[in-house]
Structure formats: C-alpha cells, structure tokens
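S.K.: Structure incoming, see below.
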Amino acid sequence: MTKKTPTAAHNIDTVVAHAGRSPAEFHGFVNPPVVHASTVLFPDVETMASGGQKYHYGRRGTPTTEALEEAITVMEGAAGTKLANSGLNAISLACLSCLNAGDHMLVPDTAYAPTRKLSDNVLPKFGIEVSYYDPSLGKEISSLFKDNTKAVFTEAPGSLTFEMQDVPAIAKAAHEIDATVLMDNTWASPLYCQPLSLGVDLSIQAGTKYIVGHSDVMLGTIAASEKAWPALNDFHGFMGVHVAPDDVYLGLRGLRTLSVRLERHMKNTLEVISWLQGRPEIAAIHYPALETDPGHAIWKRDFSGASGLFAFDFKTGTTDAQRTVFLDALTLFGLGYSWGGFESLAIPVKLAGIRTATAPDPETCSIRMHIGLEDPGDLIKDLTHAFGKAFG
C-alpha cells in the first residue's frame, strides 16, 4: 500500500480528505492512531545523542500531532505548521515568535477583542509597542511604519463589523521593511483562503471553530512561510506548548468534513441573509460575500467562499431593550460565544469604547450571527417570531 500524498496540484477538497493520512504506516487503518505519550525510548546511546530518531519526546510531536500539522501545512501551502491550545494561544505564539523587546507591531482596529487584550495588556510587558490602524488601509499602511516596526497583523474580515483588508498590498509594503505579516484567517479557514499565497508569513486559525466544527474542542494552528518557520518552530518548542492527543484527533476528524460543512454553512447563510434583506427592522448587513458589501471586490479576489458568520444593524432608533427581547425570543439560536460549530448562535454587538483608530457609531444596535447546519426555513421561522416579539 503506497501513501498518496496530496499536493498543490490537487483540488482543496481532495487535500482535506487525504492530507496527513498514511495508512501504510499504521497497518492499513484509515485514520492515524491517537498516541498518548511523554517518554519515547531510544534503541541505543548513539541514536539518542545524534537525534537520529523521528520522535524523541511526546511534547515535541507524535504521529497524532504530526498528522494534523501535515494536513494544515498542505492546505495552507506552508513550510510548516504548529498546533496551539486555542485560537488566542495561536495568536500569542505567532506574535511572540516574530517580535522582541523594543519592536513595534501594527494591528487592525477591527481585530478580535482578545487580540486587542493581548496587545494592550501582555505585549507591552515584554517591551513590545502596538499601534492600531484603520483596516481600510492598503499600501498606505507604510505611512504608519516606524524604524522599529517588525510585524503587521491582519484579520479579514474584521471581527464584529466584517471589513475586508487588502492583504496583498499590506504584505508588499510590510516586506519592503522586512516586517513579518500575520493574518487571523479563522472566518474563511484554509479551505476558502490561503493567506500565505497573499504574502502572509504566519497564517493563524482558531481551529476551535471550523476545523473542529463540533463545539467540543479548543484548538489553534499556525502555518508559517519559509521565512517565518524557523523562528516559530523554535519558539513553540521553547514555550513547551503541546495539545492533548484526543483534542488533536477530534481536530483531524472535523477537518475531513470541512468542505461539505462550509459549503452548507455558506448556502444556509446566504438563504437567511436574503430573507433578512427584506426585513424593515434592519438597516445594514455585514457579509463580504454580498455584492452590496463594501469589501466584496476584495473578498471575490482573495477568497473562494464564505462562512456562516455575519452581523446586521437594526434600523436607527432600535433600543438595547428591543435587541434583548429579540435575542431572548430566539429558540434555535443559542446565546453563546465562539462559532463554527453545527449550531446557530447570536450575540449582541457592542462597539462603544473598543476601537481607537476608527469611529463606528456608538448608537448602532447590532447582532452577530452564526448560521449553523439547521434547516434555513426553520431558522427563518425562528427569526420571524423574534422580530415579532421585539417590534410587533
């Protein structure tokens, strides 16, 4: 039995199904074993001293972790991938792998709130300076560069308000000063966007979301370019990061159905949004796959699909109390953080006081929604009921 390793020549759906699997190495079993390990034995002193053995300690890799890392590496077109305990842990490791005391990093004003907390509360303790920038900047971001700018963080679309970024233009400008470019690509996953092909050096996923897909595991991934891989590989080892084998296995299992799940998420979301566009209670919908969205052209150029996460603004004059009634009236939409699982979710969006480089209207009353794998007709009935309760 010969291992069939997928390559860039294969369609991404084929890569999702085959990458990271080697049945020939495990007696023909389709899935790799779940290896629980700390100690790895060596046959002799010479092998131990020379490092001439593939595995040498559980924390530094097992067949289980290697399988998921290899799969993500192929999907991302990366030099290598490292796993993390969560999406935020992946962001932290990626940032610290390319920054030193005295360095400066630029972060989009629309970044995921925990990324901002890391930037405001942790990185300064290590002597790292952070500035926020308007996500609409492309090559003009160079006007914000300082002599010590060593990294530019991107996130597309942005958290809560879903602005797109011209990542290739930003990456080109950043590379002119030899700065590392990072991207949080959780919304699209490696299935619908490959950041390294856009010039990114460190592509970050909260695997908790779509890679796992079942709301039962915390997981992060960092895929690195040739330039960024040595530092990431070293720093990951220095920090002693290791993801539990059962969690890695569930990430692998979720990955195999990523294509069909995301296709369904997008289909359901477009159907629900199409209905929402006719509701008089709504002023705007933020979803870059819509032709009317300001970021649609960039999305169409750089992405091959869209996920189930979007936001909408209620009409002017809607109160927080009405929004609360709306949310409490939903029965099929859970009220909970995270997203990417099989279930639909909704949370209130609060922008006041969390952005510094842009000025969203603090009076805007919004909701972020994740459309799951339920029947969209049932979701629409649930939304109809909630609108009636809040505005009827």
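The values are calculated or read from the model by the stated rules, or taken from the named source; none is laboratory data. Please read these numbers as outputs of a predicted model, since none were measured by experiment. Neighbour counts are summed over all protein chains in view; Cβ atoms, including those assigned to glycine, are modelled from backbone coordinates with ideal geometry. Ligands, DNA and RNA are excluded from the accessible area calculation, which covers all protein heavy atoms including side chains. Shrake-Rupley method; radii C 1.70, N 1.55, O 1.52, S 1.80 Å.
S.K.: Which one of these is assigned to a loop (DSSP other than H, G, I, E, B) and either touching a residue at least 24 places away in the same chain (Cβ under 8 Å) or more than 29 Å from Val260 (Cα to Cα) (or both): Ala352, Ala386?
M.R.: Values: Ala386 fails: assigned to a loop (DSSP other than H, G, I, E, B).
Going through Ala352, Ala386 in turn, the sole match is Ala352.
S.K.: Six or more apart or on different chains, Cβ atoms under 7 Å: show the pairs whose first residue is in segment 270-281 and free of Cβ contacts under 8 Å to residues at least 12 places away in the same chain and whose second is in a helix (DSSP H, G or I).
M.R.: none
S.K.: Given the condition open to solvent by 10 Å² or more (accessible area, probe 1.4 Å), in a helix (DSSP H, G or I) and more than 30 Å from Leu106 (Cα to Cα), answer yes or no: does some residue in segment 329-346 qualify?
M.R.: Keep residues of segment 329-346 that are open to solvent by 10 Å² or more (accessible area, probe 1.4 Å), which gives 329-332, 334-339, 342-343, 345.
Remaining after also requiring in a helix (DSSP H, G or I): 329.
Narrowing the set further to residues that are more than 30 Å from Leu106 (Cα to Cα) leaves 329.
Checked segment 329-346: at least one residue is open to solvent by 10 Å² or more (accessible area, probe 1.4 Å), in a helix (DSSP H, G or I) and more than 30 Å from Leu106 (Cα to Cα).
S.K.: Does Phe326 meet the test of being part of a strand (DSSP E or B), surrounded by 20 or more Cβ atoms within 10 Å (Cβ to Cβ) and not aliphatic (A, V, I, L, M)?
M.R.: Values: part of a strand (DSSP E or B): no; surrounded by 20 or more Cβ atoms within 10 Å (Cβ to Cβ): yes; not aliphatic (A, V, I, L, M): yes.
Answer is no for this residue.
S.K.: If you don't mind, there's one more thing I want to ask. Return only the number of the condition from (1) crowded, with 20+ Cβ neighbours inside 10 Å; (2) under 25 Å from Asn233 (Cα atoms); (3) among the hydrophobic types (A, V, I, L, M, F, W, C) that Phe162 does not satisfy.
M.R.: If we test Phe162 against (1) crowded, with 20+ Cβ neighbours inside 10 Å; (2) under 25 Å from Asn233 (Cα atoms); (3) among the hydrophobic types (A, V, I, L, M, F, W, C), just (2) comes out false.
S.K.: Does any residue in segment 150-171 that is within 14 Å of Leu196 (Cα to Cα) come within less than 7 Å, Cβ to Cβ, of a residue that is open to solvent by 10 Å² or more (accessible area, probe 1.4 Å) and of a type in the set (D, E, K, R) six or more places away or on a different chain, and which pairs are these?
M.R.: From residues that are within 14 Å of Leu196 (Cα to Cα), the pairs are Glu155/Asp184; Val167/Asp302; Ala169/Lys139.
S.K.: OK, next. Within segment 283-310, take every residue that is of a type in the set (Asp, Glu) and open to solvent by 20 Å² or more (accessible area, probe 1.4 Å) and give me the one that is farthest from Leu373 (Cα to Cα). Break it down stepwise before answering.
M.R.: Within segment 283-310, the subset of a type in the set (Asp, Glu) is 291, 293, 302.
From what's left, open to solvent by 20 Å² or more (accessible area, probe 1.4 Å): 291, 302.
Details: Glu291: 24, Asp302: 25 Å.
Once the filter is applied, the top-ranked residue is Asp302.
S.K.: Hey, can you tell me all the residues within segment 38-54 that are within 31 Å of the chain's Cα centre (by Cα) and either modelled with pLDDT under 90 or open to solvent by 100 Å² or more (accessible area, probe 1.4 Å) (or both)?
M.R.: Scanning segment 38-54 gives a single hit, Lys54.
S.K.: Tally time: how many residues in segment 362-373 are within 13 Å of Lys315 (Cβ to Cβ) and at pLDDT below 85?
M.R.: 1
S.K.: Which residue, of Asp184, Asp247, is of a type in the set (Asp, Glu) and in contact (Cβ under 8 Å) with a residue 60 or more places away in the chain? Even if it seems obvious, please write down each step before you answer.
M.R.: Numbers: Asp247 fails: in contact (Cβ under 8 Å) with a residue 60 or more places away in the chain.
Unique residue meeting the criteria: Asp184.
S.K.: Residues that are open to solvent by 10 Å² or more (accessible area, probe 1.4 Å): which strands (runs of 3 or more DSSP E) entirely in segment 76-154 hold 3 or more of them?
M.R.: Numbers: elements: 80-84, 104-108, 129-133.
Correct list: 129-133.
S.K.: Tell me which of these Thr208 doesn't satisfy, since it passes every other one: (1) among the hydroxyl-bearing types (Ser, Thr, Tyr); (2) surrounded by fewer than 23 Cβ atoms within 10 Å (Cβ to Cβ); (3) touching a Leu at 6+ places or on another chain (Cβ under 8 Å).
M.R.: Every condition holds for Thr208 apart from (2).
S.K.: Among the residues of segment 287-330, how many are among the acidic types (Asp, Glu) and either more than 21 Å from Ala352 (Cβ to Cβ) or in contact with a Phe, Trp or Tyr (Cβ under 6 Å, 6 or more places away or on another chain) (or both)?
M.R.: Within segment 287-330, the first condition is being among the acidic types (Asp, Glu), and the residues that meet it are 291, 293, 302, 313, 320, 328.
Filter once more, so that each one left must be either more than 21 Å from Ala352 (Cβ to Cβ) or in contact with a Phe, Trp or Tyr (Cβ under 6 Å, 6 or more places away or on another chain) (or both): 291, 293, 302, 328.
Qualifying residue count for the region: 4.
S.K.: Filter segment 355-369 for residues that are under 20 Å from Glu281 (Cβ atoms) and open to solvent by less than 40 Å² (accessible area, probe 1.4 Å) and give the result.
M.R.: Across segment 355-369, the qualifying residues are Cys365, Ser366, Ile367, Arg368, Met369.
S.K.: Could you grab the pairs with beta carbons closer than 8 Å, sequence gap of 6+ or different chains, first residue in segment 219-241 and of a type in the set (D, E, K, R), second one surrounded by fewer than 21 Cβ atoms within 10 Å (Cβ to Cβ)?
M.R.: Partner pairs satisfying both residue conditions: Glu226/Ala79.
S.K.: Please name all residue pairs, on different chains or six or more residues apart, with Cβ atoms under 7 Å, provided the first residue is in segment 361-381 and is in a helix (DSSP H, G or I) and the second residue is of a type in the set (A, V, I, L, M, F, W, C) and open to solvent by less than 40 Å² (accessible area, probe 1.4 Å).
M.R.: Note: pairs meeting the criteria are Pro376/Val272; Leu379/Val272; Leu379/Ile371; Ile380/Val272.
S.K.: Which pairs turn up if I take residues in segment 321-334 that are under 18 Å from Pro376 (Cα atoms) and in contact (Cβ under 8 Å) with a residue 24 or more places away in the chain and look for partners that are aromatic (Phe, Trp, Tyr) and part of a loop (DSSP other than H, G, I, E, B) with beta carbon separation below 9 Å, at least 6 apart in sequence or on another chain?
M.R.: If the second residue must be aromatic (Phe, Trp, Tyr) and part of a loop (DSSP other than H, G, I, E, B), the pairs left are Leu327/Phe333.
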